[in-house]
Amino acid sequence: MAGVVPPGTTTQSEAPTPTKEERVDYMNLPCPIPYEEIHREAFMSLKPELFEGMRFDFTKGLNPKFALSHSVYMGPTTIPSQSSETIKIPTAQYEFGANFLDPKLMLVGRLLTDGRLNARVKCDLTDNLSLKANAQLTNEPHMSHGIVYFDYKGKDYRTQFQMGTGALFGANYIQSVTPHLSLGGEVFWAGQHRKSGVGYAARYNTDKMVATGQVASTGMVALSYVQKVSEKVSLASDLMYNYMSREVSTSIGYDYILRQCRLRGKIDSNGCTSAFLEERLSMGLNFILSAEIDHSKKDYKFGFGLTVGE
Amino acid sequence: MASKVALKTKGKASGKKASPEEKSMAQNLKEWSTWAVKKAKVITHYGFIPLVIIIGMNSEPKPHLSQLLSPV
C-alpha cells in the first residue's frame, strides 16, 4: 500500500540540471514559490494546528470533485484578557463544510454554528492569471472581512495584487534569480488602520535545505531554515524579531514523516513546547494527538481527535 | 461592514456640490454602492454554501440526492 505523505512536505526542487559542471541557463529559471508561501516548509513543520479538547472531522466525498465535511469540536477556548492569566471558556461547535475542487475552480465553504462563514474561492481565469478570494462573514456588524487576490504567473516570476475590506491594498512580486535563489518584495496599504509598509523576502533552496528571510517596514524580521535530513526526517528552526518593539522569539522543531504517522514537535524560546501526532489507523481514519505546554504562562493544552475520510 | 476606499476617496474628493436639498451624484453613488455591498454580503453569507452544493451536485458523475443527506 502506498504510504500517505502529506502534501508540501518536500522542499521545492528545481528543474534538474543534468550535471553540476553545466553552466546555469539564466533564461530558463524555474517559477518561484508564491510570495505568501515563502516560509511554507518552516510553517508546515513548526506550526501544526494545535488544539485543546476533542475534535472530530468527517469528510464524505460524493464524487471526486465534491465533498461535504462535518466537524465537531468541544473544548476550552482562550479569550483574550488584559491580565496575565489565561481565561478559558468551554465551547462546543459544529462546522459544516462543502468543497468543490476542479482543476480550474476551487470553492471551499465552512459554516459554523454561530453563523460565521469562511469562504475561499480560487479560479484560474487563464493559464497564467488566477483569481482568489477569502472571506470571513459574521452576523455581527463590522466584523466581516474579505480579500481578493489577482495572481499572475510569468516564466520565472510571480506577481500578485490584493484588495480587501478596510481599504486594504497590497502587491507583491517574486523573481527567480538563480535556480536556487528567489527574491521578492511587497507593498501594502491598510486604509482603515492607517498603516502602510514595504517588505522584502529572499528564499534559497536546494534539494536538502530551504533558507528564507523576510524583512518588513512594520518592524518584522523573520528568518527560517529547514534541513531535510532524510526522506523521513526534517529539522526546522525559525527566528522572529520585531525591531520596533524589540521582541525576539525563536523556535526549533522536528518533523518526522513515517509510513503510518506524522510527528511534529517544537520548542520555543518563550518557554513553550508542543507536539502534534497524526497516526493513520487505517485507510481514511486518522487519529490526532496535540499537546502544548507553556511553562511561562502555565498553560497546558492537550487535545485528541479523529479524522474520518480523506 | 467597512466601506471600500473607493467610496472614501469619492466622499473626500467631491463632497456636497449642490444645495442641501438636492443630493449630488457622488452622494447617490456612495449610498448605492454601500447598499450594494451590504446586499452582496448578505447574499454571500446565505448563498455561498448552497451555491457550492448546487455546483457540486451538477458535476460529473452526478451524485444522488440521498448521498447528500445520509451519513454513509
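The values are calculated or read from the model by the stated rules, or taken from the named source; none is laboratory data. Because the structure is a prediction, the values reported are computed rather than measured. Note: ideal-geometry Cβ built from the backbone for every residue, glycine included; neighbour counts use all protein chains shown.
Within region B:12-35, none of the residues are crowded, with 16+ Cβ neighbours inside 10 Å, in a loop (DSSP other than H, G, I, E, B), at pLDDT below 85 and touching a Ser or Thr at 6+ places or on another chain (Cβ under 9 Å). Residues A:HIS145, A:HIS193: which one is closer than 30 Å to B:ILE43 by Cα, surrounded by 15 or more Cβ atoms within 10 Å (Cβ to Cβ) and within 14 Å of chain B (Cβ to nearest Cβ)? Residue meeting the stated conditions: A:HIS145.
Scanning region A:261-282 for residues that are free of Cβ contacts under 8 Å to residues at least 40 places away in the same chain and either farther than 19 Å from A:ASP57 by Cα or among the aliphatic types (A, V, I, L, M) (or both) turns up A:LEU263, A:GLY265, A:ILE267, A:ASP268, A:SER269, A:ASN270, A:GLY271, A:CYS272, A:THR273, A:ALA275, A:LEU277, A:LEU281. Each residue in region A:291-310 was checked for being farther than 23 Å from A:LYS60 by Cβ and not in a strand (DSSP E or B), and 4 pass.
Annotation for region A:75-96: no member residue is within 14 Å of another protein chain (Cβ to nearest Cβ) and not in a strand (DSSP E or B).
On the basis of being under 30 Å from A:LYS232 (Cβ atoms) and either within 14 Å of another protein chain (Cβ to nearest Cβ) or touching a strand residue (DSSP E or B) at 6+ places or on another chain (Cβ under 9 Å) (or both), does A:ARG203 make the cut? Considered against the rule, which asks whether it is under 30 Å from A:LYS232 (Cβ atoms) and either within 14 Å of another protein chain (Cβ to nearest Cβ) or touching a strand residue (DSSP E or B) at 6+ places or on another chain (Cβ under 9 Å) (or both), A:ARG203 comes out as yes. Only one of the listed residues (A:ASN28, A:ASN63) is surrounded by fewer than 16 Cβ atoms within 10 Å (Cβ to Cβ) and within 14 Å of another protein chain (Cβ to nearest Cβ). That residue is A:ASN63.
Are any of the residues in region A:174-182 in a strand (DSSP E or B), touching a residue at least 60 places away in the same chain (Cβ under 8 Å), among the small types (Gly, Ala, Ser) and under 16 Å from A:PRO34 (Cβ atoms)? Looking for residues that are in a strand (DSSP E or B), touching a residue at least 60 places away in the same chain (Cβ under 8 Å), among the small types (Gly, Ala, Ser) and under 16 Å from A:PRO34 (Cβ atoms), one finds at least one in region A:174-182, hence yes.
Taking region A:281-301 as the range and being under 14 Å from A:THR78 (Cα atoms) and loosely packed, with under 15 Cβ neighbours inside 10 Å as the test, the residues that pass are A:LYS297, A:LYS298, A:TYR300.
For (1) touching a residue at least 24 places away in the same chain (Cβ under 8 Å); (2) not β-branched (Val, Ile, Thr), each residue gets a yes or a no:
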{"position": "A:VAL187", "(1), (2)": "no, no"}
{"position": "A:GLY191", "(1), (2)": "yes, yes"}
{"position": "A:ALA201", "(1), (2)": "yes, yes"}
{"position": "A:LYS208", "(1), (2)": "yes, yes"}
{"position": "A:ALA211", "(1), (2)": "no, yes"}
{"position": "A:VAL226", "(1), (2)": "yes, no"}
{"position": "A:LEU239", "(1), (2)": "no, yes"}
{"position": "A:SER245", "(1), (2)": "yes, yes"}
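The requirement of being free of Cβ contacts under 8 Å to residues at least 24 places away in the same chain and among the acidic types (Asp, Glu) is fulfilled nowhere in region A:98-110; no residue meets it.
Okay, residues lined up against (1) hydrophobic (A, V, I, L, M, F, W, C); (2) part of a strand (DSSP E or B):
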residue	(1), (2)
A:ALA135	yes, yes
A:ASN139	no, no
A:GLY146	no, yes
A:GLN162	no, yes
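Checked against the criterion of being within 27 Å of A:LYS122 (Cα to Cα) and loosely packed, with under 14 Cβ neighbours inside 10 Å, region A:155-175 contains one or more residues that satisfy it. Can you find, within region A:32-56, the residue that is surrounded by the fewest Cβ atoms within 10 Å (Cβ to Cβ) among those that are within 10 Å of the chain's Cα centre (by Cα) and under 16 Å from A:PHE287 (Cβ atoms)? Of everything passing the filter in region A:32-56, A:GLU49 is surrounded by the fewest Cβ atoms within 10 Å (Cβ to Cβ).
Taking the conditions (1) in a strand (DSSP E or B); (2) over 18 Å from the mean Cα position of the chain (by Cα); (3) among the β-branched types (Val, Ile, Thr) in turn, A:THR218 satisfies each one other than (1). Just one residue in the set A:THR126, A:THR59 is free of Cβ contacts under 8 Å to residues at least 12 places away in the same chain and either of a type outside the set (Gly, Ala, Ser) or not in a loop (DSSP other than H, G, I, E, B) (or both); that residue is A:THR126. Residues in region A:230-289 that are part of a strand (DSSP E or B) and of a type in the set (Asp, Glu): A:ASP238, A:GLU247, A:ASP255, A:ASP268, A:GLU278, A:GLU279. If we scan region B:30-41, do we find a residue that is touching a Leu at 6+ places or on another chain (Cβ under 8 Å), within 22 Å of A:GLN136 (Cβ to Cβ) and charged (D, E, K, R)? Checked against the condition, which is being touching a Leu at 6+ places or on another chain (Cβ under 8 Å), within 22 Å of A:GLN136 (Cβ to Cβ) and charged (D, E, K, R), region B:30-41 yields at least one hit.
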